[in-house]
């Protein structure tokens, strides 16, 4: 027996107690005892000491942050009046009220922690949605990147094509000296539509007329077809190709006299501005041809600057721009009616050893400026390393060439 109680002592103590009559049956008493014995004792839940200490510490930190946030800035000159009621309220809190407020703050901290976890969970859940929206933005931005890439690739292809053309062709540079022996003659390109004006020299037989010289030129040697002027008949009105040939050849100021019937037919036509110059590759040769001859649209009111800018971008399978892809017109400054200053960027990116590329660019621009009546053209840009190209001094005012596509002397 526990506590060393013997059965005799227990029975004696029970007899000494005032008895209480129990009217319940013995079976009922045993059943109640069994039920009590079968019930499990519910443990009392208590916070562990570390939890209580953590909550108390958190409450103290929050209270400190609240109080400190209400203090005025050291540099502030405003009176500290807003915190006086708060300090008074904190001093009034004593005893049970202080404990209740502390408990309330503990509950608030717990709720804030729970809410914080909830917010973090929501942010984690919303993360993929933000990534999806970012992906959408990237997809929307892809076309612009693709456009930029396509432009770069197109520019690279254009550079490669121009390098191939300049490397594989025989560029017929312009005639720079005006002599009585020179004559500009129109011929047809292989498409039988584009007029190519070539410049010939007949110094040996200067007295011969233009028709005689035209008959002694072999266009097949230069990748060209017959001249439209071969079909000129003084008794009939010239067709469009004949007039186009006359107009293209007549735009160049050459001293050599034309046959009288050519001049007579030309009086019935009108010589328009060239609409710029472009490079036409033909059977291993390359010629400067006008935008008019290529049927490039021209409203007739375009300025020199408009035409020069158009020359930078206009090209197709038949012809190419005379302006390298890296070169861009910056400004056109007409000093007077005869002198103009052309400012270009990107000249320093051109290959100083590629004389053909430089000649095509310079002569195309010079002939275009000459169409607008300018006799002295100056180039401005990064050209310190390339001061001289062919017969042209780039650091001085340049006189435009007499006529393009000089093929030399014709045979007798």
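Bear in mind that the values in this text are calculations on the coordinates, not laboratory data. Values in this document were obtained by computation on a predicted structure and should not be read as measured data. Counting neighbours? That spans all protein chains shown, and the Cβs are built from the backbone with ideal geometry, glycine included.
Listed by Cβ neighbour count within 10 Å, with the fewest neighbours leading, 171, 287 appear as 171, 287. Length gained on full extension, residue 396 to residue 36, computed as 0.36 nm times the residue gap minus the Cα-Cα distance: 117.6 nm. Region 380-412 and region 291-340 have Cα centres spaced 18 Å apart. The residue 212 and residue 384 beta-carbon pair, evaluated with R₀ = 60 Å, returns a calculated FRET efficiency of approximately 0.80.
Working from Cα pairs under 8 Å separated by at least six residues, relative contact order for region 170-409 is 25 percent. Modelled spin labels at residue 27 and residue 352, positioned 7 Å past Cα toward Cβ, are 12.5 nm from each other.
The simple spin-label model puts a point 7 Å past each Cα toward its Cβ; for residue 9 and residue 313 those points are separated by 11.8 nm. When 307, 398, 213 are sorted by how many other C-beta atoms sit within 10 angstrom of their C-beta, beginning with the fewest, the order is 213, 398, 307. Overall size of region 170-409 from C-alpha positions, given as principal axis extents largest first: 54, 39, 36 Å.
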